[in-house]
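The values are calculated or read from the model by the stated rules, or taken from the named source; none is laboratory data. Quantities reported herein were computed from a predicted structural model and do not represent experimental measurements. Glycine gets a Cβ as well: all are built from the backbone with ideal geometry, and neighbour counts include every protein chain shown.
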């Protein structure tokens with residue numbers, strides 16, 4: 001392959017680096033308290049806060065793929081059952097976030113690893 005052919009060849013997409021930060025202890029405690037108090041909207045409220053937090057962390061990788069903050073928020077809100085399971089202690093932070101990362105990458109049209 002010549003240099004000119006390589007330049008014209010479409011670039012292969014790479015999987016964005018969506019790193020997972022440590023669990024937010026304060027938010028975890030807040031969610032667990034809201035769940036214990038029986039707040040029906042606790043999981044949705046937390047999912048919105050999680051979406052804001054993760055969008056700030058992952059925006060630089062996802063925005064160039066065409067994913068908007070609103071679309072990202074919708075993905076996280078659709079994932080709220082897993083958020084609830086994490087809040088109950090049935091999932092670890094890492095399990096929940098690995099699942100979210102995979103879901104986001106699939107929705108963004110990239111291969112998930």
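For segment 51-73, the tally of residues that are closer than 23 Å to residue 94 by Cβ and either out of contact with any helix residue (DSSP H, G or I) (no Cβ under 6 Å at 6 or more places or on another chain) or exposed (fewer than 14 other Cβ atoms within 10 Å of the Cβ) (or both) stands at 11.
Filtering segment 74-84 to residues that are assigned to a helix (DSSP H, G or I) and either out of contact with any helix residue (DSSP H, G or I) (no Cβ under 9 Å at 6 or more places or on another chain) or surrounded by 15 or more Cβ atoms within 10 Å (Cβ to Cβ) (or both) leaves 75, 76, 77, 80, 82, 83, 84. The helices (runs of 4 or more DSSP H) found entirely in segment 1-71 that carry 1 or more residues being closer than 17 Å to residue 98 by Cα and modelled with pLDDT of 90 or more are 42-62.
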